[in-house]
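The values are calculated or read from the model by the stated rules, or taken from the named source; none is laboratory data. This structure is a prediction, so every number in the text was calculated from the model and none was measured. Every residue, glycine among them, receives a Cβ derived from its backbone with ideal geometry; neighbour counts consider all protein chains shown. These accessible areas exclude ligands, DNA and RNA; they are computed on the full protein's heavy atoms, side chains included. Shrake-Rupley method; radii C 1.70, N 1.55, O 1.52, S 1.80 Å.
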Amino acid sequence: MDLHEKLTRVITSAKILFIVPGYAETKMTDIAAHANLAVGTLYSLFRSKDDLLKFVFASTLDSMIIDHVQTLPVIPLSDDELVTHTAEIYQQATHQLHKLTTNYSTDARFSAMLDYLFANFHQYGAYFLILERNPQMSPALLKLYKHYRQQLYTDVAQLLATLVASDEVRYLSHPENDALLIIDQIFWWSAHKQYDSFDHQTNHFDQQQMKNCVIQQLTASYT
């Protein structure tokens, strides 16, 4: 088993266990067992659970970071570096959403918004859920996430209002409510269903098929 596969197994297992049962309740032995690795192998990769957590966050922000690991155990970003990098990613994501109004034609912006939300939550959903399920773990990261999530609701509501004005979606009396509904539904199927729904370990489904189903449903409802 090469290093990339080992790191991928560990990160995948850590994401799952840091969400359910939670960071404090999860031991390194639990992660090793879930990843089907020896505990000694896990400690050769990461000196501590805290180092592993930081690497989970960093690899969620940039999946290519795994390919750049050259020395072991992994030296993660510092707390300040992680906060700074996370803030930069949120700013980039917000900028990408704002550009939807200019980068797509008037008949494709609603669909582009849905694709954006699915891609966003697919990449960062585990990061968000770890923070939600462990709110005392990192106040600085939690504060950033809360601000980003609120900004996302506001931006999607404003985009929906723009689409109403151009007759791209039906009339909406309260776009802010529809923004909540759309975002939370996509977040459920992109993240909650995979990681922390009551039946997430037994109820498997094709994510791409479900994405297509949700997009079809929302498109039929709003356009």
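Here are some notes:
- Residue under evaluation A191, criteria (1) closer than 16 Å to F121 by Cβ; (2) out of contact with any Leu (no Cβ under 8 Å at 6 or more places or on another chain); (3) part of a helix (DSSP H, G or I), criterion not met: (2)
- D206 in the same structural domain as S105 (by the TED database), modelled with pLDDT under 95, under 19 Å from L117 (Cα atoms) and acidic (D, E): yes
- Sub-8 Å Cβ pairs linking a first residue in region 151-163 that is in the same structural domain as Q92 (by the TED database) to a second residue that is surrounded by fewer than 16 Cβ atoms within 10 Å (Cβ to Cβ) and in a helix (DSSP H, G or I), at least 6 apart or interchain, are Q151/T94; L152/T94; Y153/E176; Y153/L180; T154/E176; D155/T94; D155/H98; A157/E176, ordered by first then second residue.
- Elements of type helices (runs of 4 or more DSSP H) contained in region 1-75, each with 2 or more residues being open to solvent by less than 40 Å² (accessible area, probe 1.4 Å), in contact (Cβ under 8 Å) with a residue 24 or more places away in the chain and of a type in the set (F, W, Y): 49-61
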